[in-house]
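Laboratory data are not the source of any read-out in this text; all were calculated from the coordinates shown. Because the structure is predicted, anything quoted here is derived from the model rather than measured. Reconstructed Cβ throughout: ideal geometry from the backbone, glycine too, with neighbour counts over all protein chains shown.
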């Protein structure tokens, strides 16, 4: 896959994740914090990894695939700096996901967990709310704290975006 094609693919994932988010929440202005591509085969995973390495460097290896810090990529939900390429997984039939930053996570959590499609996932260091809708080929997440804060990444000015 060419770099421009990978960038377009990631932008599409964020766009569709924004659509699912906007359909089910009142958080239309929530910026993207992180995006993930779900590889559908080992061959696709290897191809995506090769191209993603041209966009940035691996900042964290995870059991499900590497996380890259990339040059800010313009998306419909603001600049994207974190991209993960996920290994093939039969539980991830969608094409990917995007994680959005909500301004008031406790209130957001309280309001959405009563609604269908939302699931709370608790981890040792953080929690996230997953949003799935069978009408969409992506998932949306809302993490607390956000991944950039979990990794203690410095803020970057995006004056060129």
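What ranking, highest mean first, results for peptides 107-116, 66-75, 127-136 when packing means the other Cβ atoms within 10 Å averaged over each residue?
Packing proxy ranking, top to bottom: 66-75, 127-136, 107-116.
Fully extended, how many nm does the chain gain between residue 127 and residue 115 (0.36 nm per residue separation, minus their Cα-Cα distance)?
Fully extending the segment from residue 127 to residue 115 adds 2.6 nm.
Based on the Cβ-Cβ distance of residue 4 and residue 43, what FRET efficiency does E = 1/(1 + (r/R0)^6) give at R0 = 22 Å, to the nearest 0.05?
Details: r = 20 Å, r/R0 = 0.92.
Working from the Cβ atoms, E equals 0.60.
If you take the alpha carbon radius of gyration of the stretch 76-161 and divide it by 2.2 N^0.38 Å, what ratio comes out, to two decimals?
Against the compact-globule rule of thumb, the ratio is 1.18.
If I stretch the segment between residue 151 and residue 62 completely, what's the gain in nm (0.36 nm per residue apart, minus their alpha carbon distance), one decimal?
Working: separation 89, 0.36 × 89 = 32.04 nm, distance 1.29 nm.
Full extension from residue 151 to residue 62 adds 30.8 nm.
Taking the Cα atoms only, what angle lies between the long axis of helix 42-55 and the longest principal axis of the chain, rounded to 10 degrees?
Helix 42-55 and the main axis of the chain meet at about 90 degrees.
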